[in-house]
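Worksheet: the structure to be examined is printed underneath.
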(Lines give C-alpha, C1' and ligand atoms only; values in the text may rest on other atoms or scores of the structure.)
Protein backbone atom coordinates (compact mmCIF):
# COMPACT_ATOMS: atom_id res chain seq x y z
CA UNK A 1 0.00 0.00 0.00
CA UNK A 2 1.43 3.44 -0.90
CA UNK A 3 2.57 5.51 2.05
CA UNK A 4 0.27 8.43 1.23
CA UNK A 5 -2.75 6.16 1.07
CA UNK A 6 -1.83 4.73 4.47
CA UNK A 7 -1.66 8.28 5.77
CA UNK A 8 -5.09 9.06 4.34
CA UNK A 9 -6.51 5.87 5.83
CA UNK A 10 -5.11 6.51 9.30
CA UNK A 11 -6.46 10.04 9.07
CA UNK A 12 -9.91 8.69 8.25
CA UNK A 13 -9.70 6.21 11.13
CA UNK A 14 -8.84 8.99 13.57
CA UNK A 15 -11.82 11.03 12.29
CA UNK A 16 -14.15 8.04 12.60
CA UNK A 17 -12.95 7.24 16.12
CA UNK A 18 -13.43 10.87 17.01
CA UNK A 19 -17.02 10.94 15.73
CA UNK A 20 -17.86 7.63 17.41
CA UNK A 21 -16.42 8.99 20.63
CA UNK A 22 -18.53 12.16 20.35
CA UNK A 23 -21.65 10.11 19.65
CA UNK A 24 -20.96 7.98 22.71
CA UNK A 25 -20.41 10.90 25.03
CA UNK A 26 -23.49 12.83 23.82
CA UNK A 27 -26.39 10.63 25.07
CA UNK A 28 -25.06 10.17 28.61
CA UNK A 29 -24.93 13.93 29.09
CA UNK A 30 -28.43 14.27 27.70
CA UNK A 31 -29.81 11.68 30.10
CA UNK A 32 -28.36 13.49 33.05
CA UNK A 33 -30.23 16.66 32.12
CA UNK A 34 -33.74 17.68 32.95
CA UNK A 35 -35.97 18.31 29.98
CA UNK A 36 -38.72 20.87 29.61
CA UNK A 37 -41.23 21.37 26.78
CA UNK A 38 -42.31 24.92 25.99
CA UNK A 39 -44.97 25.98 23.49
CA UNK A 40 -44.92 29.29 21.68
CA UNK A 41 -47.90 30.28 19.56
CA UNK A 42 -47.65 32.82 16.75
CA UNK A 43 -50.96 34.64 16.55
CA UNK A 44 -51.71 37.91 14.75
CA UNK A 45 -47.97 38.38 14.13
CA UNK A 46 -47.10 38.11 17.83
CA UNK A 47 -45.36 35.47 19.89
CA UNK A 48 -47.30 34.13 22.83
CA UNK A 49 -45.64 34.06 25.31
CA UNK A 50 -43.21 36.74 24.28
CA UNK A 51 -40.86 36.09 27.17
CA UNK A 52 -39.83 32.69 28.49
CA UNK A 53 -37.86 32.01 31.65
CA UNK A 54 -35.89 28.78 32.13
CA UNK A 55 -33.21 27.47 34.47
CA UNK A 56 -29.68 27.16 33.10
CA UNK A 57 -28.46 23.72 32.03
CA UNK A 58 -31.91 22.37 31.26
CA UNK A 59 -32.66 20.81 27.89
CA UNK A 60 -35.46 22.73 26.16
CA UNK A 61 -37.85 21.41 23.56
CA UNK A 62 -39.38 24.50 22.00
CA UNK A 63 -42.53 23.92 19.98
CA UNK A 64 -43.49 26.87 17.79
CA UNK A 65 -47.07 26.78 16.50
CA UNK A 66 -48.13 29.11 13.71
CA UNK A 67 -51.83 29.87 13.96
CA UNK A 68 -51.66 32.73 11.44
CA UNK A 69 -52.53 32.47 7.77
CA UNK A 70 -49.03 33.46 6.56
CA UNK A 71 -45.76 31.57 6.89
CA UNK A 72 -43.26 32.60 9.55
CA UNK A 73 -39.59 31.91 10.02
CA UNK A 74 -38.56 31.44 13.61
CA UNK A 75 -35.08 32.87 13.77
CA UNK A 76 -32.64 33.56 16.57
CA UNK A 77 -29.15 34.88 15.95
CA UNK A 78 -28.34 34.38 19.64
CA UNK A 79 -29.42 30.73 19.56
CA UNK A 80 -28.14 30.11 16.02
CA UNK A 81 -31.43 28.62 14.84
CA UNK A 82 -33.75 29.35 11.91
CA UNK A 83 -36.71 27.32 10.78
CA UNK A 84 -39.76 28.05 8.62
CA UNK A 85 -43.17 27.48 10.24
CA UNK A 86 -45.94 27.06 7.69
CA UNK A 87 -49.43 28.41 8.40
CA UNK A 88 -51.29 26.05 10.70
CA UNK A 89 -48.21 23.90 11.29
CA UNK A 90 -45.62 23.64 14.04
CA UNK A 91 -41.87 23.08 14.34
CA UNK A 92 -39.63 21.76 17.08
CA UNK A 93 -36.43 23.47 18.17
CA UNK A 94 -34.10 21.59 20.50
CA UNK A 95 -31.85 23.60 22.78
CA UNK A 96 -29.45 22.17 25.28
CA UNK A 97 -26.95 23.48 27.80
CA UNK A 98 -27.86 27.16 27.52
CA UNK A 99 -25.70 29.46 29.61
CA UNK A 100 -27.44 32.12 31.72
CA UNK A 101 -28.36 35.15 29.62
CA UNK A 102 -30.98 36.59 27.33
CA UNK A 103 -31.61 35.08 23.89
CA UNK A 104 -33.67 37.05 21.40
CA UNK A 105 -35.82 35.49 18.70
CA UNK A 106 -38.00 36.96 15.92
CA UNK A 107 -39.98 36.19 12.77
CA UNK A 108 -37.53 36.59 9.89
CA UNK A 109 -40.43 36.92 7.40
CA UNK A 110 -41.88 39.77 9.46
CA UNK A 111 -38.89 41.33 11.22
CA UNK A 112 -40.88 44.40 12.26
CA UNK A 113 -43.27 42.44 14.48
CA UNK A 114 -42.37 42.31 18.21
CA UNK A 115 -39.33 40.19 19.07
CA UNK A 116 -39.44 37.64 21.84
CA UNK A 117 -36.78 36.40 24.23
CA UNK A 118 -35.74 33.42 26.29
CA UNK A 119 -34.22 34.33 29.63
CA UNK A 120 -31.95 31.68 31.10
CA UNK A 121 -31.07 32.11 34.75
CA UNK B 1 -36.71 43.06 0.86
CA UNK B 2 -32.96 43.52 1.13
CA UNK B 3 -32.71 40.48 3.38
CA UNK B 4 -34.43 38.36 0.73
CA UNK B 5 -32.14 39.79 -1.94
CA UNK B 6 -29.09 38.82 0.13
CA UNK B 7 -30.30 35.26 0.66
CA UNK B 8 -31.17 34.45 -2.95
CA UNK B 9 -28.01 36.19 -4.19
CA UNK B 10 -25.79 34.13 -1.92
CA UNK B 11 -27.41 30.80 -2.74
CA UNK B 12 -27.51 31.49 -6.48
CA UNK B 13 -23.87 32.64 -6.53
CA UNK B 14 -22.66 29.25 -5.31
CA UNK B 15 -24.77 27.43 -7.89
CA UNK B 16 -23.69 29.79 -10.69
CA UNK B 17 -20.00 29.27 -9.84
CA UNK B 18 -20.35 25.49 -10.08
CA UNK B 19 -22.19 25.69 -13.40
CA UNK B 20 -19.69 28.27 -14.69
CA UNK B 21 -16.74 25.99 -13.95
CA UNK B 22 -18.39 23.12 -15.87
CA UNK B 23 -19.19 25.32 -18.88
CA UNK B 24 -15.71 26.84 -18.98
CA UNK B 25 -14.15 23.40 -18.79
CA UNK B 26 -16.19 22.14 -21.76
CA UNK B 27 -15.38 25.28 -23.75
CA UNK B 28 -11.67 24.87 -23.05
CA UNK B 29 -11.51 21.31 -24.29
CA UNK B 30 -13.44 22.32 -27.40
CA UNK B 31 -16.67 20.62 -26.36
CA UNK B 32 -18.94 23.67 -26.43
CA UNK B 33 -21.45 21.58 -28.38
CA UNK B 34 -22.08 19.62 -25.18
CA UNK B 35 -23.17 22.73 -23.25
CA UNK B 36 -26.76 21.57 -23.53
CA UNK B 37 -26.13 18.64 -21.14
CA UNK B 38 -25.11 21.08 -18.44
CA UNK B 39 -28.24 23.12 -19.16
CA UNK B 40 -30.34 19.95 -18.91
CA UNK B 41 -28.89 19.42 -15.44
CA UNK B 42 -29.65 23.03 -14.47
CA UNK B 43 -33.22 23.01 -15.83
CA UNK B 44 -33.97 19.65 -14.25
CA UNK B 45 -32.62 20.93 -10.90
CA UNK B 46 -34.79 24.06 -11.07
CA UNK B 47 -37.85 21.93 -11.90
CA UNK B 48 -36.99 19.52 -9.08
CA UNK B 49 -36.64 22.42 -6.62
CA UNK B 50 -40.01 23.85 -7.72
CA UNK B 51 -41.62 20.44 -7.39
CA UNK B 52 -40.10 20.08 -3.95
CA UNK B 53 -41.44 23.50 -2.96
CA UNK B 54 -44.88 22.69 -4.38
CA UNK B 55 -45.12 19.61 -2.20
CA UNK B 56 -43.26 21.21 0.68
CA UNK B 57 -46.41 21.79 2.71
CA UNK B 58 -47.02 18.06 2.74
CA UNK B 59 -43.31 17.34 3.09
CA UNK B 60 -43.01 19.62 6.12
CA UNK B 61 -45.69 17.59 7.90
CA UNK B 62 -43.34 14.62 7.60
CA UNK B 63 -40.53 16.73 9.01
CA UNK B 64 -41.64 16.47 12.63
CA UNK B 65 -39.08 17.03 15.35
CA UNK B 66 -35.56 17.15 13.97
CA UNK B 67 -36.14 15.42 10.65
CA UNK B 68 -35.91 18.70 8.75
CA UNK B 69 -32.42 19.34 10.10
CA UNK B 70 -31.38 15.77 9.27
CA UNK B 71 -32.74 16.13 5.72
CA UNK B 72 -30.84 19.39 5.19
CA UNK B 73 -27.68 17.86 6.60
CA UNK B 74 -28.04 14.92 4.19
CA UNK B 75 -28.36 17.24 1.16
CA UNK B 76 -25.40 19.27 2.37
CA UNK B 77 -23.21 16.20 2.83
CA UNK B 78 -24.21 14.94 -0.61
CA UNK B 79 -23.20 18.31 -2.08
CA UNK B 80 -19.88 18.19 -0.18
CA UNK B 81 -19.23 14.74 -1.66
CA UNK B 82 -20.03 15.95 -5.18
CA UNK B 83 -17.92 19.11 -4.87
CA UNK B 84 -14.98 17.14 -3.48
CA UNK B 85 -15.28 14.69 -6.35
CA UNK B 86 -15.35 17.65 -8.75
CA UNK B 87 -12.16 19.13 -7.26
CA UNK B 88 -10.33 15.80 -7.44
CA UNK B 89 -11.52 15.32 -11.02
CA UNK B 90 -10.43 18.85 -12.01
CA UNK B 91 -7.06 18.33 -10.41
CA UNK B 92 -6.59 15.06 -12.27
CA UNK B 93 -7.72 16.59 -15.57
CA UNK B 94 -5.52 19.66 -15.27
CA UNK B 95 -2.52 17.34 -14.97
CA UNK B 96 -3.56 15.18 -17.88
CA UNK B 97 -4.26 18.12 -20.13
CA UNK B 98 -0.67 19.35 -20.03
CA UNK B 99 0.25 19.90 -23.68
CA UNK B 100 -2.21 17.39 -25.06
CA UNK B 101 -5.20 19.67 -25.03
CA UNK B 102 -5.75 19.66 -28.78
CA UNK B 103 -5.36 15.92 -29.13
CA UNK B 104 -7.90 15.36 -26.39
CA UNK B 105 -10.31 17.78 -27.93
CA UNK B 106 -10.23 15.81 -31.18
CA UNK B 107 -11.58 12.75 -29.43
CA UNK B 108 -15.26 12.92 -28.72
CA UNK B 109 -16.09 13.33 -25.07
CA UNK B 110 -17.43 10.02 -23.80
CA UNK B 111 -21.21 10.10 -23.29
CA UNK B 112 -21.07 8.85 -19.70
CA UNK B 113 -18.67 11.66 -18.84
CA UNK B 114 -21.09 14.22 -20.27
CA UNK B 115 -23.85 12.80 -18.08
CA UNK B 116 -21.52 12.96 -15.08
CA UNK B 117 -21.06 16.69 -15.78
CA UNK B 118 -24.81 17.13 -16.13
CA UNK B 119 -25.42 15.47 -12.78
CA UNK B 120 -22.78 17.68 -11.16
CA UNK B 121 -24.72 20.69 -12.48
CA UNK B 122 -27.94 19.13 -11.20
CA UNK B 123 -26.71 18.60 -7.64
CA UNK B 124 -25.00 21.99 -7.52
CA UNK B 125 -28.19 23.80 -8.52
CA UNK B 126 -30.66 21.53 -6.67
CA UNK B 127 -28.94 22.01 -3.33
CA UNK B 128 -29.11 25.82 -3.61
CA UNK B 129 -32.47 25.67 -5.36
CA UNK B 130 -34.25 23.82 -2.56
CA UNK B 131 -33.08 26.38 -0.05
CA UNK B 132 -33.97 29.39 -2.22
CA UNK B 133 -37.29 28.11 -3.48
CA UNK B 134 -38.41 27.10 0.02
CA UNK B 135 -37.64 30.56 1.24
CA UNK B 136 -39.41 32.32 -1.65
CA UNK B 137 -42.34 29.92 -1.27
CA UNK B 138 -42.71 30.96 2.34
CA UNK B 139 -43.02 34.55 1.15
CA UNK B 140 -45.51 33.67 -1.57
CA UNK B 141 -47.77 32.15 1.09
CA UNK B 142 -47.73 35.46 2.85
CA UNK B 143 -50.80 37.61 2.54
CA UNK B 144 -49.49 40.65 4.28
CA UNK B 145 -49.62 44.04 2.57
CA UNK B 146 -49.16 43.80 -1.16
CA UNK B 147 -46.40 46.38 -1.55
CA UNK B 148 -43.92 44.50 0.64
CA UNK B 149 -45.11 41.25 -0.93
CA UNK B 150 -44.09 42.31 -4.43
CA UNK B 151 -40.99 44.07 -3.15
CA UNK B 152 -39.87 40.82 -1.51
CA UNK B 153 -40.41 38.78 -4.65
CA UNK B 154 -38.65 41.41 -6.76
CA UNK B 155 -35.76 41.36 -4.26
CA UNK B 156 -35.56 37.58 -4.48
CA UNK B 157 -35.34 37.54 -8.26
CA UNK B 158 -32.93 40.51 -8.33
CA UNK B 159 -30.63 38.49 -6.07
CA UNK B 160 -30.64 35.52 -8.43
CA UNK B 161 -30.13 37.82 -11.44
CA UNK B 162 -27.17 39.61 -9.90
CA UNK B 163 -25.55 36.29 -8.90
CA UNK B 164 -25.77 34.90 -12.42
CA UNK B 165 -24.42 38.17 -13.85
CA UNK B 166 -21.50 38.20 -11.39
CA UNK B 167 -20.61 34.59 -12.18
CA UNK B 168 -20.77 35.44 -15.90
CA UNK B 169 -18.37 38.36 -15.36
CA UNK B 170 -16.05 36.13 -13.33
CA UNK B 171 -15.81 33.52 -16.08
CA UNK B 172 -15.57 36.18 -18.78
CA UNK B 173 -12.51 37.52 -16.95
CA UNK B 174 -10.94 34.24 -15.82
CA UNK B 175 -12.13 32.06 -18.68
CA UNK B 176 -9.24 33.02 -20.94
CA UNK B 177 -6.39 32.05 -18.67
CA UNK B 178 -4.54 28.75 -18.88
CA UNK B 179 -6.76 25.80 -17.95
CA UNK B 180 -4.42 24.55 -15.23
CA UNK B 181 -4.36 27.92 -13.47
CA UNK B 182 -8.10 28.24 -13.97
CA UNK B 183 -8.64 24.86 -12.36
CA UNK B 184 -6.35 25.76 -9.50
CA UNK B 185 -8.22 28.98 -8.70
CA UNK B 186 -11.69 27.53 -9.04
CA UNK B 187 -10.61 24.32 -7.26
CA UNK B 188 -9.56 26.28 -4.19
CA UNK B 189 -12.82 28.23 -4.35
CA UNK B 190 -14.84 25.01 -4.47
CA UNK B 191 -12.91 23.57 -1.52
CA UNK B 192 -13.88 26.57 0.60
CA UNK B 193 -17.52 26.32 -0.49
CA UNK B 194 -17.50 22.58 0.34
CA UNK B 195 -15.86 23.11 3.75
CA UNK B 196 -18.52 25.72 4.54
CA UNK B 197 -21.28 23.30 3.52
CA UNK B 198 -19.74 20.55 5.64
CA UNK B 199 -19.69 22.72 8.75
CA UNK B 200 -23.24 23.97 8.02
CA UNK B 201 -24.37 20.34 7.79
CA UNK B 202 -22.61 19.55 11.04
CA UNK B 203 -24.37 22.60 12.52
CA UNK B 204 -27.75 21.13 11.44
CA UNK B 205 -26.89 17.85 13.18
CA UNK B 206 -25.98 19.80 16.30
CA UNK B 207 -29.38 21.54 16.11
CA UNK B 208 -30.97 18.07 15.79
CA UNK B 209 -29.11 17.06 18.97
CA UNK B 210 -27.29 14.27 17.11
CA UNK B 211 -23.79 15.72 17.37
CA UNK B 212 -22.52 17.60 20.43
CA UNK B 213 -21.25 21.15 19.86
CA UNK B 214 -18.38 20.26 22.32
CA UNK B 215 -17.97 24.00 22.97
CA UNK B 216 -20.94 26.21 22.02
CA UNK B 217 -19.07 29.29 20.82
CA UNK B 218 -15.32 29.11 20.42
CA UNK B 219 -15.22 32.80 19.60
CA UNK B 220 -17.55 35.61 18.68
CA UNK B 221 -16.58 37.91 15.83
CA UNK B 222 -20.10 39.22 15.15
CA UNK B 223 -18.95 42.66 16.33
CA UNK B 224 -16.41 42.66 13.46
CA UNK B 225 -18.20 40.84 10.64
CA UNK B 226 -21.88 40.07 11.13
CA UNK B 227 -22.92 37.14 8.90
CA UNK B 228 -26.41 38.62 8.63
CA UNK B 229 -25.07 41.76 6.92
CA UNK B 230 -23.74 42.07 3.40
CA UNK B 231 -19.99 41.39 3.83
CA UNK B 232 -20.55 38.57 6.32
CA UNK B 233 -23.18 37.07 4.06
CA UNK B 234 -20.74 36.85 1.14
CA UNK B 235 -18.01 35.43 3.36
CA UNK B 236 -20.43 32.92 4.80
CA UNK B 237 -21.65 31.85 1.35
CA UNK B 238 -18.23 31.42 -0.22
CA UNK B 239 -15.78 30.76 2.60
CA UNK B 240 -18.26 29.32 5.11
CA UNK B 241 -17.63 32.13 7.58
CA UNK B 242 -19.44 31.91 10.90
CA UNK B 243 -19.28 34.62 13.54
CA UNK B 244 -19.88 32.25 16.46
CA UNK B 245 -18.82 28.74 15.52
CA UNK B 246 -19.04 25.77 17.85
CA UNK B 247 -15.90 23.66 18.27
CA UNK B 248 -17.55 20.79 16.36
CA UNK B 249 -18.27 23.02 13.34
CA UNK B 250 -14.74 24.42 13.46
CA UNK B 251 -13.17 20.96 13.57
CA UNK B 252 -15.20 19.76 10.59
CA UNK B 253 -14.29 22.90 8.63
CA UNK B 254 -10.57 22.84 9.32
CA UNK B 255 -10.13 19.06 9.09
CA UNK B 256 -11.78 19.01 5.66
CA UNK B 257 -8.82 20.68 3.92
CA UNK B 258 -6.03 18.30 5.04
CA UNK B 259 -8.37 15.37 4.31
CA UNK B 260 -8.82 16.44 0.67
CA UNK B 261 -5.14 17.30 0.23
CA UNK B 262 -4.09 13.88 1.53
CA UNK B 263 -6.57 12.26 -0.84
CA UNK B 264 -5.24 14.26 -3.80
CA UNK B 265 -1.64 13.42 -2.90
CA UNK B 266 -2.32 9.72 -2.47
CA UNK B 267 -4.00 9.72 -5.87
CA UNK B 268 -1.04 11.40 -7.50
CA UNK B 269 1.16 8.77 -5.92
CA UNK B 270 -0.96 5.95 -7.31
CA UNK B 271 -0.90 7.48 -10.78
CA UNK B 272 2.88 7.74 -10.72
CA UNK B 273 3.26 4.06 -10.01
Residue selected from the stretch A:90-100 under the condition crowded, with 18+ Cβ neighbours inside 10 Å and part of a loop (DSSP other than H, G, I, E, B), by the criterion nearest to the other protein chains (Cβ to nearest Cβ): A:96
Matching residues, the stretch B:129-183, being outside any helix (DSSP H, G or I) and modelled with pLDDT of 85 or more: none
Test result for residue B:110, at pLDDT below 85, over 21 Å from residue B:163 (Cα atoms) and touching a helix residue (DSSP H, G or I) at 6+ places or on another chain (Cβ under 6 Å): no
Test: residue in the stretch B:208-229 that is at pLDDT 85 or above and closer than 30 Å to residue B:25 by Cα: no
Cross-chain or 6+ apart pairs with Cβ under 8 Å, the stretch A:52-68 first and outside the structural domain of residue A:42 (by TED's automatic domain parsing) and farther than 11 Å from residue A:95 by Cα, then assigned to a strand (DSSP E or B) and at pLDDT below 95: none
Residues that are away from chain A (no Cβ under 11 Å) and under 20 Å from residue B:14 (Cα atoms), drawn from the stretch B:233-253: B:233, B:234, B:235, B:236, B:237, B:238, B:239, B:240, B:241, B:253
Test result for residue B:194, over 30 Å from residue B:89 (Cβ atoms), more than 8 Å from chain A (Cβ to nearest Cβ), surrounded by 20 or more Cβ atoms within 10 Å (Cβ to Cβ) and in contact (Cβ under 8 Å) with a residue 12 or more places away in the chain: no
Output for the stretch B:71-90, where each listed residue is buried (at least 16 other Cβ atoms within 10 Å of the Cβ) and either within 14 Å of chain A (Cβ to nearest Cβ) or closer than 12 Å to residue B:123 by Cβ (or both): B:71, B:72, B:73, B:75, B:76, B:77, B:79, B:80, B:82, B:83, B:84, B:86
Residue check for residue B:116: at pLDDT 70 or above and part of a helix (DSSP H, G or I): yes
Positions within the stretch B:35-68 being part of a helix (DSSP H, G or I) and touching a strand residue (DSSP E or B) at 6+ places or on another chain (Cβ under 8 Å), in sequence order: B:60, B:68
Residue match in the stretch B:208-230 (condition: part of a helix (DSSP H, G or I), crowded, with 20+ Cβ neighbours inside 10 Å and either away from chain A (no Cβ under 11 Å) or over 21 Å from the mean Cα position of the chain (by Cα) (or both)): no
Residues of the stretch A:55-89 classified as in a strand (DSSP E or B) and surrounded by fewer than 18 Cβ atoms within 10 Å (Cβ to Cβ), total: 4
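The values are calculated or read from the model by the stated rules, or taken from the named source; none is laboratory data. Just so it is clear, the model here is predicted, and its values are computed rather than measured. Every residue, glycine among them, receives a Cβ derived from its backbone with ideal geometry; neighbour counts consider all protein chains shown.
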